[in-house]
Structures are given as structure tokens and as C-alpha cells.
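Visitor: So that we are looking at the same thing, I have put the structure below in C-alpha cells.
No lab work stands behind these numbers, since they all come straight from the coordinates. These numbers come from a predicted model, not from an experiment. Counting neighbours? That spans all protein chains shown, and the Cβs are built from the backbone with ideal geometry, glycine included.
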Amino acid sequence: MSVDATPDDGTTADARREVLGGRARVWWARRTWHDGVLVVMVLAFTAVFGALGIARHRGLLTHAFDAGQMIQAFWTIRHGGDVNTVTGLPFLGDHARFMLYPLALLGLPAQALFVAQSFTLALGAVPVYLLTARRAPRWAALVAAALFLAYPSLQWTALFDLHPEVMATTLLLLAFWAVDGRRHVVYAVMVVLALACREDASVAVGLMGLLLVLERRWRVGLLTIGGAVGGLVVATLAQRAANPWGLSVLEERFGYLGTTPGEVVARLAQPAETFAGLHLGLNGWLMVLGFLLPAAPMFLARWTRLLPALPLLVLSLLSTLPMQKTIYFHYGFLPTVFIFIAVSDGMVRLAALRPRARAVVTPVVAAVVAVTVVVGSPFTDLGYRGPDAWGKPATVPDQLARTFTPEFRADARAVLAQVGEGSVSASANLLPQLAERSEVYMFPNPFYPAWNGRYLTSWPGRSVRPTIPKDPPRWVVVDLVHTGPEPPEVREEVLDLLPEAYRLVSETPNVQLWEER
């Protein structure tokens, strides 16, 4: 077969030349209007979700966990620190986010971080587009990229505070595009960067290696699996060394499955018993549908491209963290990678169908996507609300308009403007506004000894009494209306204690500001 011939898998002649390393035409000569539309879509996603991220931050809708701790991490690393006082842990003791260090050196201010997060996620549409365009018409590639940007889980990820690890979505999609095109150096670089994002990225890298093995790319697949194992070992050792209790996050969330591979396999061999203890309820199973149905073209993909998405969804269901069992937080950033590898392949197969078959299949797929995208969207009231805290949140416009009264916002802004330099203890929803400093605590830290310097977000109990620490924070900012993780009685106990060492600088019906005497 000549290079210009179209192979059986539907690869176009231009794509075949690219895969084989041909350079018949320079890249700018191959551009089409589809490429311009892709650029517009990426920039539009960045503008919309970057602006909404900033609006949520200004509107006090970001939280100590996770925007506050990330803003403080970036600021502290730039100033030579190594401990996050929001969590009470060294930066690698919570998650193995090695990427924090180079990203912090960019020096982005707090509000710019929300735009950067949206842009990084939007860039994932580019490898989805390029991967599809290798073997399908450009219109199919553009549809795949549009589905990626319209994907509800991706949009919720862009809106939920700050998480630098979500850049692994784009990095791993770029990695697969590179390895699919035999660009092995680019692939290796993308994989290493993805492993540096967070410890669980090693699971996704291992699944990518498995995918390559299933497609008989033995050497690169096995090397990838080996790299994933090495990345997991490094991340776990780093977390254990940095965490005062010698624990990793994976052990905290999945340790109940066992401590050895044999114990884990034995536990998973009894799925009914294992899942029954997790009390998944309706939300857990709706999460699976919420991930899969808005990406309906994936069901047309080859089974090798479809399979790796499923273990990551099962992993979310097995987690002891309730938030991991919905699409409304950032925990879908790794399943999204494999879902859209499958979407890309599904669009290739859809485009290759005979016209009559495509005329039947396309409306069905489009209807499933349209309905589930609207239901899962952060901009519509449609969807499952649920009887508990993990049902669908209010729409973004409703969050901005109704979470806090105008009076509360005005009081909070006026009080926050009076906080000067030095250490701070602030209520959870006010902390992100004050996080660009070396010492900031989530109230009632550090006034409860069981909370001081420890990663705890629940009340330690009636037997523990609040005290003024030896080195108290200079400022205390307290939301008098809304509580964080602490019960109202805990807030009142600390407020009764503060006059021993603090003077009341400012008081409104909604917010108090105290300064150390």
C-alpha cells in the first residue's frame, strides 16, 4: 500500500503521512476552518469558566478546602515555605502534588489561577480533536472536541475551587495523542508531567499502559505500566515521609480493602458485600450514568478504547469519600481522559458508517447526549437534587445570587479590607480571600488543641476545650451567620475566649474582626 492510500481503518492520507513522519506539507498549509472554530471554542470555554471562577471567588463561594489551601500553597512556595497551615501538613503530606512547585514559580495572583485552570482544562479539546482528525473527517473531530467542552463533569471541575492536579486530564490526552502518532519522546514527557500532578494519576497511567498492551503495543505499554508503578511508589513514599501519621490519601480512602494485593483482590472478589458497606444509594449509580451518557459516542468505540474508563469509575464508587461519588466536584478529571479517548474512537466509527446506518445511529446518539448534557449542566435546574448533601448543587447563577445576602457580602468586604499583614484565623468561606500569607488557619483553628496543626475538619468533641495558643494568630475573622465544619456552639465557645487576648476591631451583624492585643 502506498503512503497516500487510505488504509482499512479509515485513516486519511494526510493523517497517515503524519503518523509515518512524512512532511509533505507544513502545518500551516494543512489548517482548515474547523481549526479556527476549535480555537474559538477553547477561548470561549476559558473566558466563561474563568470569569465564573473569579465571580465565585469574589462572591465568597470558594472555600478553605480547596481554594484557600491552594492559594496559600502557591504563595508560600514562592516565598520559600514548605508547610500549608490550612491543612497543617507539608505540601506533599496531603496529596503528592509535585507540580505545585513549578506552577507556583509562575507567580500568578489568586484570581488569575481560576482563569489558568479553565484554560488548562479547555486545552484538552485539542488532543481530542487531533486524535479524531487522524482517522475521521474534520467535522467529526470538531464534534468530539465540542462534546469534551460541553461535558458536565468537566464544567463542574472547572467551577469547583482550585485543583492544579486537574491539568492531568489535558496532559494524559496529549500523551495518548502522542503515542498514537508514534511520538514517543512527547509521550514520555506528558506521562511524567501527569504523574507529578497527584498520586492517583499513576492509576490512570497504568490503565493507559494496559490499553496499549491490549492494542499490541507491547513494549511501550509495558514500559508505561512500569512507569505507573514507579510513580505510585514515589508518590506514596513522599506522602508517608511528609505526613506526620505516615499515611497516604489512597490508604485513607481505600485502606479498608486491605493492606496487600492479595487482600484487595479477595475483597473485590466479593463485590456485593464490598459495595453494600459503602451505602452508595442512588447518587453513586447516577454518577456512573452522569459520566457515560453525555459521552454517548464512546459506546461505538472499540472495546480496547472503552474498557479503561470503567476501572476509574469503579474506583470512585469504592472510595470512602462521599464527594467522589458525584460528577459535581473535580474527581472526574481522570475518568474523563479515557472516556474521551473512547469518544474519539466512537466518532471515527460513526463517521465511517454507511450513510443509512449513520442516519439511524446519529439521531439516537445526539438525543442521549443533548438530554444528559442539559440535565448535568451547572447552568440548568434540571437533574437529580437528592435527599442528601451530595445531590446536584444549585445552578451557578443561583449560587452567585442566593447563597449570601447582599448585606452579608457588603459586611464581609468591608471587614476583610481592614485585615492587615500577619497570621490569620478565618471562617471557611472567608479564608480564601486572605490566603496569600504564610500563616492562615481555618477557624476555629488554632484555638482547639486537637485541631492545631492537624488536618481535621470535624469537631473534636466536648472533652476538648478551646484555648489561646502560645503563638496566636494576629487576626481572627469570624462569619457570625454561616458555620463551616464546626458546630455553632464551637464558634460561640471560641468567641467567648477571644477577649482574653484580642480586641474587637470591627463588628457587623454578620462578621467580626479581632486583632491580637
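Visitor: Could you run the Debye sum over the Cα atoms of segment 404-516, one equal point scatterer each and no solvent, and tell me log10 of I(q)/I(0) at q = 0.16, 0.21, 0.22 Å⁻¹, two decimals?
Guide: Values returned for q = 0.16, 0.21, 0.22 Å⁻¹ are -0.66, -1.19, -1.31.
Visitor: Listing Glu507, Glu486 from the residue with the fewest other Cβ atoms within 10 Å to the one with the most, what is the order?
Guide: On the way: Glu507 14, Glu486 22.
In increasing order of surrounding Cβ atoms, one gets Glu507, Glu486.
Visitor: With no solvent and one equal point scatterer per Cα, compute the Debye intensity ratio I(q)/I(0) for the chain at 0.10, 0.11 Å⁻¹ and report its log10, rounded to two decimals.
Guide: So the normalised log intensities work out to -0.84, -1.00.
Visitor: Quick check: pseudo-label points 7 Å beyond the Cα along Cα→Cβ at Val364 and Leu504, how many nm apart are they?
Guide: Inter-label distance under the simple model: 6.8 nm.
Visitor: Another question, then. Picking from Pro449, Ala501, Pro487, whose Cα lies most toward the positive end of the charge dipole for segment 404-516 (charges on Cβ: Lys, Arg +1; Asp, Glu -1)?
Guide: Pro449
Visitor: If you project the alpha carbons of segment 182-337 onto their three principal axes, what span does each projection cover, largest first, in Å?
Guide: For segment 182-337, the Cα spread along each principal axis is 44, 44, 30 Å.
Visitor: Something else about it: Work through the residues other than Ala228 whose Cβ is under 12 Å from its Cβ and net out their charges, Lys, Arg +1 and Asp, Glu -1.
Guide: So the surrounding residues net to -2.
Visitor: Over the chain, what is the percentage of antiparallel beta bridges among all DSSP beta bridges, to the nearest 5? Could the numbers behind the result be given before it?
Guide: Details: 12 of 18 bridges.
For the chain, the DSSP antiparallel bridge percentage is about 65.
Visitor: Relative to the Cα centre, what is the charge dipole magnitude of segment 328-412, using +1 at the beta carbon of each Lys and Arg, -1 at the beta carbon of each Asp and Glu, and rounding to the nearest 20 debye?
Guide: For segment 328-412, the charge dipole is close to 620 debye.
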